[in-house]
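The values are calculated or read from the model by the stated rules, or taken from the named source; none is laboratory data. From a predicted model like this one, the values you see are computed outputs, not experimental measurements. Positions of Cβ are generated from backbone atoms using ideal geometry, with glycine treated the same way; all protein chains shown enter the neighbour counts. Ligands, DNA and RNA are excluded from the accessible area calculation, which covers all protein heavy atoms including side chains. Shrake-Rupley method; radii C 1.70, N 1.55, O 1.52, S 1.80 Å.
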Amino acid sequence: MHSGVPNHVVSLVRGLPKDEFVFDVACPREATTWDDLAGEAGVTLHEIGPHRHPAPGDAASWLTLLRLVGRADVVHVHS
């Protein structure tokens, strides 16, 4: 298992009851979080850019996140 944010996100998803929650996880495709949760029941992965500084790809990531937030009951974010 990884440490930091990837560990926290994966532990949160795997620790909550799948019959009570549906998980949408947005992260870069190359993230360890993506690798760990790919194929996990009840989890839908959404690719966003790995930007740490403002970049043109942020607009696409922002639109993805807006669509997800609009249908969520709980939002948990990092970075």
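From the helices alone, meaning DSSP H stretches of at least four residues, give me the mean residue ellipticity at 222 nm for the chain, per-run term -39500 (n - 2.57), in deg cm²/dmol to the nearest 500.
-11500 deg cm²/dmol
Using only the alpha carbons, work out the radius of gyration and Dmax of the range 28-71 in angstrom.
11.6, 33
With N set to the residue count of the chain, report its C-alpha Rg divided by 2.2 N^0.38 Å to two decimal places.
So the Cα radius of gyration is 1.09 times the expected 2.2 N^0.38 Å.
If amide hydrogens are placed 1.01 Å from N in the peptide plane, which non-local residues have theirs closer than 5 Å to the one on His46?
So His46 has HN proximity to Val25, Ala26, Cys27.
Kindly report the accessible area of the chain per residue (heavy atoms of protein chains, probe 1.4 Å, no ligands, DNA or RNA), in Å².
Ligands and nucleic acids excluded, the figure is 71 Å² per residue.
Tell me, what % of the accessible area of the chain is carbon and sulfur with a 1.4 angstrom probe?
Roughly 58 percent, rounded to a whole number.
Rolling a 1.4 angstrom probe over the protein chains, ignoring ligands and nucleic acids, what is the accessible area of Leu66 in square angstrom, nearest 10?
Counting only protein heavy atoms, Leu66 exposes about 90 Å² to solvent.
For the range 1-41, what is the charge dipole size about the Cα centre, in debye to the nearest 20, if Lys and Arg each add +1 at the Cβ and Asp and Glu each add -1 at the Cβ?
Dipole of the range 1-41, to the nearest 20 debye: 80 debye.
Give me the dipole magnitude in Debye, nearest 20, for the chain about the Cα centre, with unit charges on the beta carbon: positive for Lys and Arg, negative for Asp and Glu.
Dipole about the Cα centre, nearest 20: 160 debye.
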